[in-house]
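Okay, structure first, notes after.
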Amino acid sequence: MLRSIVEYYAEHERYKCGYCKNLDTNYSHGMWTHSLTAQDYQDLIDRGWRRSGKYCYKPTLNITCCPMYTIRCQALKFKATKSQKKILKKFNKHLLGQNESHRKMSTCSSSSETLNETCQNGAEQLMLCTRDHTKINVDDIKFIDDDDRFLGDNEQPVQRGVLKSNENTKETYKIDTNTGNSSHDPNRAPLKKAKLLRRERKLEKLKQMGIDTTTISNSSKTKEKQLEDFINELPDDAKQKLQIKLVRTNPPSPEWQATSKQTHAVYLKYQTTVHDDEPDKCTESKFHDFLLNSPLLEEYSANGPPCGYGSFHQQYWLDGKLIAVGVIDILPKCVSSVYFFYDPDYMNLTLGTYGALREIEFTRYLHSLCPDIQYYYMGFYIHSCQKMRYKGNFHPSDLLCPETYKWFPLKDCIPKLELSPYSRLDPDIDSLDTNHPTEEDINDIPVWVSGSVMLYKVFRRSLISRRDDKSEVLEYARFVGAKTAKSLILVR
């Protein structure tokens, strides 16, 4: 039976903020996760947790300097913006050989992006976590029963800037802010939108070819292209071939092991070029701790995706060369983006945004196989940090309320976040956290003690317990939720 085993850190330490760069203004609680089932991690991220390697952390939003709200994109309803469509078309043109050869660009470019900065705080906290964590073999444990219920089966920076730019064609005249009247030349006709001009040119060409255009209605609209249409519109004879391979990383698959050196080489090049990291911070060992080692167990189910649940790398191969890697977790309800890195030589292709779009498309594909998978989790949305608002460009998206743990449309949350960096996003003042544990609930929390598992109430009245840690365990239960607290095994 697969079980999750965690160690909770009650210390509420100050950490360096990866966004405003202050040294001691970032607060969060953490857990070292020896193992996690897919469902347990799904429940944790739906309460504001996030993993970096095997370390899971939950920012304390009401006191931290840059409040981080969990954000998810409704993948099934996703509509690409005009700029995102341009990125898809630009990449296709590159594959067709219609773009100029790729060039290396400055790392300060405004289009330098990845869906990765949400892990910077977690990576720093992972490095601060220095306990010696002995690997626990689940097969070796024995269960001490005090309740029949216990023995039963338990169950990127992308396009930085404003949330949404005005995509309408700008007029050539000014508006008088006092009267609201236009000050442009009244005899000059307003400029037409490029789309309308293209349509008129197309109709004129058809007329010149002798084709009757009177039956073509000016108001008729072609069917709107979906994300998949842009991705799949390439002809078979494209000059270059892109192949995206999904490889399992935990446990390491043969496909991953065969490409591990190439993957680390791209990561090293990316971190030192784009993020100015020193090479000694990007060693293979540290890379494995950050983006390879995962607490997620390999799981398969009859109703799940054929690849199973767990941690994976999506490798982007261009004509046999590895140019980008998306680190993802596949969970019961979502695809969760962990990190994205790429070869800086291809920075002009805006690979961070392109990778996010491909991961949304992959989420939609998994939904066709497993209907429960409907969302694309992008980590944290940080409205108080201007450069981290880019995730709002993937819409429709929702934010998680830090008090009731319910989801609300991002567009409805923006006015509140404009007023205050921290906000209760749930507009219903009477709404409560329905998964909030009571003091009685903690009695049924399974705990690991000296190789044995027992309920917390048994542990407390046994001679094994040498200190009163009830308040700490109750705090832990409130952060993970009553349901998940009874599923996770807490190391004591």
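Coordinate-derived values only; no laboratory data. The structure presented is a predicted model; accordingly, all values stated were derived computationally and were not measured. Cβ coordinates were reconstructed from backbone atoms using ideal geometry, including for glycine residues, and neighbour counts include every protein chain displayed.
Just a few scattered comments:
- Those GluC sites (Glu not before Pro) in region 273-361 that DSSP places in a loop and that have at most 16 other beta carbons within 10 Å: Glu298
- Stretch gain in nm, segment Ile211-Arg199, where the contour uses 0.36 nm per residue and the Cα spacing is subtracted: 2.8 nm
- Sites listed here are GluC sites (Glu not before Pro) in region 1-59 whose DSSP assignment is loop and whose Cβ has at most 14 other Cβ atoms within 10 Å: Glu11, Glu13.
- Förster radius 56 Å - calculated FRET efficiency between Asp280 and Ile429, Cβ distance, rounded to 0.05: 0.65
- Under 5 Å from the amide H of Ala324 lie the amide H atoms of Tyr316, Asp343, each residue being 5 or more positions distant or on a separate chain, with H modelled from the backbone and absent for Pro and chain starts.
- If you bin all the Cα-Cα distances of region 208-293 at 10 Å, starting from zero, the percentages per bin are 12, 25, 21, 18, 7, 11, 5.
- Listed peptides 407-413, 238-244 appear in the order 407-413, 238-244 once ranked by packing, highest mean of other Cβ atoms within 10 Å at the front.
- Projecting the Cα atoms of Thr404, Asn443, Leu419 onto the charge dipole of region 374-492 (Cβ charges, centred on the Cα centre) puts Asn443 farthest toward the positive pole.
- Contact order, relative form, for region 351-492: 16 percent (alpha carbon pairs under 8 Å, 6 or more residues apart, mean separation divided by residue count).
- Orientation-averaged projection of region 245-313 equals 5.2 nm² [convex hull of Cα atoms, one quarter of hull surface area].
- Region 58-70 - phi-based ³J(HN,Hα) in whole Hz, Karplus 6.51/-1.76/1.60, Gly and Pro as x: 10, x, 8, 5, 6, 10, 6, 5, 10, x, 10, 9, 4
- Mean Cβ neighbour count within 10 Å, used as a protection proxy, ranking 270-282, 33-45, 313-325 highest first: 33-45, 313-325, 270-282
- Too-long pairs where the Cα-Cα distance tops 31 Å, listed order kept, from Lys225/Lys416; Lys90/Lys261; Lys79/Lys406; Lys16/Lys90; Lys85/Lys411: Lys225/Lys416; Lys16/Lys90
- Legend: calculated FRET efficiency, Tyr300 to Ser462, from the Cβ-Cβ distance at R0 = 45 Å, rounded to 0.05, equals 0.75.
- Most tightly packed first, judged by the mean number of other beta-carbon atoms within 10 Å of their residues, the peptides 471-482, 362-373 read 471-482, 362-373.
- Note: relative contact order over region 385-451, using C-alpha pairs below 8 Å and six or more positions apart, is 25 percent.
- Taking the number of Cβ atoms within 10 Å of each Cβ as an exposure proxy, the fewest-first ranking of Ile382, Ile5 is Ile5, Ile382.
- Relative contact order computed over region 291-370 (Cα-Cα under 8 Å; 6+ residues apart), in percent: 22
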